[in-house]
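Since the structure comes first, as structure tokens, the remarks are kept for the end.
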Amino acid sequence: MKNIPVIMIIFGGSGDLAHRKLYPSLFNLYEQGLIHDNFAVIGTARRPWSHEYLREQVSDAIHETHDQVDENEVKAFASHFYYQSHDVTNVEHYVTLKKLAQELDDRYSAQGNRLFYMAMAPRFFGTIATHINDQHLTGSGFNRIVVEKPFGHDLASAEQLNKEITASFDENDIFRIDHYLGKEMIQNIMPMRFTNPLIKNIWSGEYIKNIQITLAERLGVEARGGYYDTSGALRDMVQNHIFQIITLLAMPEPKDLSSDSVHQAKQELLKSLIIPTPEEVKKNFVRGQYLGSDTTFAYKKEPNVDPDSTTETYVAGKAKFTSGPIAGVPIYFRTGKEFKEKKTRIDIVLKHINNPYGQAHSNNITIEVDPESKIYITVNGKKIDEPGIRREDLTYVFSKEEMAKVPDGYERLLHDVFVNDSTNFTHWSELKRYWEFIDAVEDAWQKENEAGNSEIAQYLPYRMGPKEADNIFESPTEHWIYE
């Protein structure tokens, strides 16, 4: 693995994301030699930290996430970190930042390469991008920017942010990160689909009845009430995580595994995404809010949440495409807070077939993403000591030793940024299509709210969401597989 020279600037270097994810992931890449001698990291934030205090924070982050480390390695790694107190709205601070970046570039022979990471509140993304441009912070080598979600609040704001960022960076240098695309079993979707004749040959509307995606969260909004009440489950989870999964499940096979070919296949698919009408939203979507219990507040009683809020903590819906291998197949999804357990899983439900046994069930292919990582296929077979058919699972699963080797999603995706592989990031044309879908649903809900006809289902915590979500299926014989 080659040593990549670069100066990395993290806007939000004192924040939780940097501490929990970025610093430990960068340390792992340092140990692997991807970055080593010719790199430096500048952490910026409003807090009046020193270089030494940031290095202590970096060291603490590593010790919190690693059982055993070489202390000399940790110290050497942390010595590459520098701190710049920074108000992102103050133009003069960018002049100081530019000077420090150039000094470190000369000291570490970074060859003019710059990597900018936006780990701050999304409302500052556009301001930072604008000042990177007008204060000429980019270097003479490669210039790449990583943007956390959410990328905009709707299509209009996303287009404005994209305009501000593309003033400084080419599309190929913009890495819109979604950590779900770094997860082991999400990265297994394409190999599973395209390398197994057993699966590849039945991946069509002829054999697949529907696909179901569940992203269940165990906790409520807790301290995030202020942010969440302006977002909701649809924007917070469907616009990014769920649509990334849907695209991987429905896209045609790319001609090769290059980033360009994979994104071309995704874009070809998304042109055929059906944008729902208000009538279809009313029929095929359910929004809900969790109630309270002895151990949890109801959503409307959470801190910083409007008591009259119409923001959904749960959403279930349906997506369809008019082209691609599963054109016409309904893809159902649901996500929400205060479920009975934390779980991310995908169920591919195959159609029933006529058979002489009569009572045989359909086969299902299930991909469990979190908290376990496994794929299993339900198959029918003969009962041993009595007439009839029994069901068994054929399972693809990792051992504990293998799971210990699985890198964190952020480590994987940071590696991809360094080596300039944008396969597992979101292209603007894809993101734009996601927002067109989300805006159509949000607009329909807003009109219902204004007419006083908002239908927000209430659901008890520690269950599977509102019962109304059982009614979105096209056929009365369909139901949620994961219960």
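The values are calculated or read from the model by the stated rules, or taken from the named source; none is laboratory data. Only a predicted model underlies this, so the values are computations on that prediction, with no experimental measurement involved. Ideal geometry is used to build each Cβ from the backbone, glycine not excepted, and the neighbour counts take in all protein chains shown.
So which residues in the range 92-148 are surrounded by fewer than 20 Cβ atoms within 10 Å (Cβ to Cβ), basic (Lys, Arg) and touching a residue at least 24 places away in the same chain (Cβ under 8 Å)? Selection gives 98, 107. Where helices (runs of 4 or more DSSP H) sit wholly within the range 220-305, those with at least 1 residues that are modelled with pLDDT of 95 or more occupy 243-250, 259-270, 278-284.
Can you say whether residue 417 is more than 30 Å from residue 165 (Cα to Cα) and either modelled with pLDDT of 95 or more or surrounded by 13 or more Cβ atoms within 10 Å (Cβ to Cβ) (or both), as far as the supplied structure shows? Outline the logic, then answer.
Details: more than 30 Å from residue 165 (Cα to Cα): no; either modelled with pLDDT of 95 or more or surrounded by 13 or more Cβ atoms within 10 Å (Cβ to Cβ) (or both): yes.
It is false that residue 417 is more than 30 Å from residue 165 (Cα to Cα) and either modelled with pLDDT of 95 or more or surrounded by 13 or more Cβ atoms within 10 Å (Cβ to Cβ) (or both).
Across the range 69-90, the number of residues qualifying as hydroxyl-bearing (Ser, Thr, Tyr), part of a loop (DSSP other than H, G, I, E, B) and farther than 12 Å from residue 37 by Cα comes to 1.
Selection within the range 38-67: residues that are outside any helix (DSSP H, G or I) and touching a Ser or Thr at 6+ places or on another chain (Cβ under 8 Å). The member of this set that is nearest to residue 3 (Cα to Cα) is 38.
The condition of being of a type outside the set (D, E, K, R), within 26 Å of the chain's Cα centre (by Cα) and within 22 Å of residue 180 (Cβ to Cβ) holds for only one of 328, 317, that being 317.
Consider residue 25 carefully, then state whether it is among the small types (Gly, Ala, Ser), in contact (Cβ under 8 Å) with a residue 60 or more places away in the chain and closer than 21 Å to residue 412 by Cβ. Yes, satisfied. Quick check on residue 328: is it out of contact with any Pro (no Cβ under 9 Å at 6 or more places or on another chain) and on the phi > 0 side of the Ramachandran plot? In short, yes. The set of residues from the range 169-199 being over 25 Å from residue 436 (Cα atoms) and polar (S, T, N, Q) comprises 187, 188, 195, 196.
The set of residues in the range 59-89 that are loosely packed, with under 12 Cβ neighbours inside 10 Å and either among the polar types (S, T, N, Q) or under 20 Å from residue 128 (Cβ atoms) (or both) comprises 68, 72, 89.
Here is the figure for the range 322-348: residues that are in contact with an Asp or Glu (Cβ under 9 Å, 6 or more places away or on another chain), more than 30 Å from residue 302 (Cα to Cα) and surrounded by fewer than 22 Cβ atoms within 10 Å (Cβ to Cβ) total 3.
All of 332, 314 fail the test of being modelled with pLDDT of 95 or more, assigned by TED's automatic domain parsing to the domain that holds residue 228 and within 16 Å of residue 232 (Cβ to Cβ), apart from 314. So is residue 44 under 21 Å from residue 97 (Cα atoms), in the same structural domain as residue 144 (by TED's automatic domain parsing), surrounded by 14 or more Cβ atoms within 10 Å (Cβ to Cβ) and under 28 Å from the mean Cα position of the chain (by Cα) or not? In short, yes.
Residue 211 meets the conditions (1) touching a Phe, Trp or Tyr at 6+ places or on another chain (Cβ under 9 Å); (2) at pLDDT 95 or above; (3) over 25 Å from residue 411 (Cβ atoms); (4) surrounded by fewer than 19 Cβ atoms within 10 Å (Cβ to Cβ) in every case but one. The failed one is (4). Within this structure, residue 247 passes the test of being surrounded by 22 or more Cβ atoms within 10 Å (Cβ to Cβ) and out of contact with any Cys (no Cβ under 9 Å at 6 or more places or on another chain). Only one of 182, 226 is within 30 Å of residue 308 (Cβ to Cβ) and either surrounded by fewer than 19 Cβ atoms within 10 Å (Cβ to Cβ) or under 13 Å from the mean Cα position of the chain (by Cα) (or both); which? Just one listed residue meets the conditions, 226. Sub-6 Å Cβ pairs linking a first residue in the range 187-206 that is within 21 Å of residue 408 (Cβ to Cβ) to a second residue that is surrounded by 13 or more Cβ atoms within 10 Å (Cβ to Cβ), at least 6 apart or interchain, are 189/248, ordered by first then second residue.
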